[in-house]
Each structure stands twice: as C-alpha cells, then as structure tokens.
Amino acid sequence: MSMRMLSIAAAGVVTALFVAITAVPAKAQSGNAEEACTPDVMRLCQDFVPDRDRIVGCLKAKRRQLSRDCRAVFSSKGRRSRRGG
C-alpha cells in the first residue's frame, strides 16, 4: 500500500512540477509531462518525493538516464525558454 501511495504522490508532484516550471498554455502539456516522467521519478528520484525542487534537480542531474519521453519534456522546455527570452 505504501508503494501505491508513493506512486500517487509522485504523480501529483510531477504534475505540479511541470505546471510550475513550464509556461505552457496547453493543459495537455502537464498531463504529458506527468505521463512521461512519473516512471523516471519513481525509478531515479523517489527519495525526493514530494519535494518538487529536489525532484527537478534529480531529473536534471540524471538526464542521461531518463526515458526518451521524459528527456523530451526537459528538452522542449529548454527550447521554449531560450526562444521566449
């Protein structure tokens, strides 16, 4: 049961994380980020749940170990921020 609760907490944190760190108008983006990165959070950064900032730092530090989809979330965020300002 605690693993299930941890998974639910991680999913919530990942959702809040990407809503907070990305300025994306499409609501679907946060859902896609959650779907893409929750497994990576659980595999690589579960020690930092529910601390959003530490999860982001962990995911960035382990970028090479991220799944292709989660890595794409971070890559697309970086491209938007460079274009936007």
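Some notes on this structure:
- Boolean, R43 is part of a helix (DSSP H, G or I), among the charged types (D, E, K, R), modelled with pLDDT under 80 and surrounded by fewer than 14 Cβ atoms within 10 Å (Cβ to Cβ): no
- Scanning the stretch 63-85 for residues that are at pLDDT 90 or above, under 12 Å from the mean Cα position of the chain (by Cα) and charged (D, E, K, R) gives R63, D69, R71.
The values are calculated or read from the model by the stated rules, or taken from the named source; none is laboratory data. Not measured: the values here are computed from a predicted model. Don't worry about glycine lacking a Cβ; one is built from the backbone with ideal geometry, like all the others, and counts go over all protein chains shown.
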